[in-house]
1. In nanometres, what is the gap between the two model label sites at Ala63 and Thr125, each 7 Å from Cα along Cα-to-Cβ?
2. Count the net charge of all other residues whose Cβ sits under 12 Å from the Cβ of Val99, scoring Lys and Arg as +1 and Asp and Glu as -1.
3. Relative to the longest principal axis of the C-alpha atoms of the chain, give the angle of the C-alpha long axis of helix 120-144, reported between 0 and 90° and rounded to the nearest 10°.
4. Apply 1/(1 + (r/R0)^6) to the Cβ-Cβ distance of Gln75 and Glu38, taking R0 = 25 Å, and write down the FRET efficiency to the nearest 0.05.
5. Among Thr93, Ala124, Trp39, flag the residue with its Cα farthest along the positive direction of the charge dipole of the chain, charges on Cβ as +1 for Lys/Arg and -1 for Asp/Glu.
6. Can you pull the semi-axes for region 14-145, root of five times each eigenvalue of the Cα gyration tensor, sorted largest first, whole Å?
7. Quick one: net charge around Asn108, please, counting Lys, Arg +1 and Asp, Glu -1 for every other residue with C-beta under 13 Å from its C-beta.
8. Given points 7 Å out from each Cα along the Cα-Cβ axis, report the Met1 to Glu140 separation in nanometres with one decimal.
Amino acid sequence: MVDVLTEITIEKPLDVVSDYAADPDKAPVWYDNIRSVEWKTPKPLTVGSQVAFVAYFLGRKLAYTYKIVSYIPGQEMVMHTAEGPFPMETTYTWQADGVNRTHMTLRNAGRPSGFSKLFAPFMATMMRKANNKDLKKLKEILEKA
């Protein structure tokens, strides 16, 4: 099992942070590895929405579709995919930490199968590094705005 939890505090109000981070169209801006996003269901984002992503991780192109399984604006978004050798669940949470400050967590959890199983510890380390970098980029973008 791979379970990576990263977190950051952003000096912006809760609604600003959660609205931006939960918008799939913004993902290529703050996630270094995500190259493109395609909505498979009509906007806006709701439980049941499906969004396809193309990303590069560890030198490999990954194409996957996330389904939104929980979405409480300003609190939590959970999405998962079951396709490919590494089914993944991604969870964002947001909590106000004062008037203009938001604490955000980003959790990726999954159970690699087959050949990917051998690389699970390495993948967890690389995911943690990438997630920390992405959250820092999100913080930088939002705090400059």
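1. 3.2 nm
2. Numbers: positive: Lys12, Arg101; negative: Glu11, Asp15, Asp97.
Taking every Cβ under 12 Å from that of Val99, the sum is -1.
3. Between helix and principal axis, roughly 20 degrees.
4. 0.45
5. About the Cα centre, the residue reaching furthest to the positive side is Ala124.
6. 24, 17, 14
7. 0
8. 3.4 nm
Every number in this text was worked out from the coordinates using simple rules, so none of it is lab data. This is a predicted model, so every value here is computed, not measured. Cβ atoms come from the backbone with ideal geometry, glycine included; neighbour counts cover every protein chain shown.
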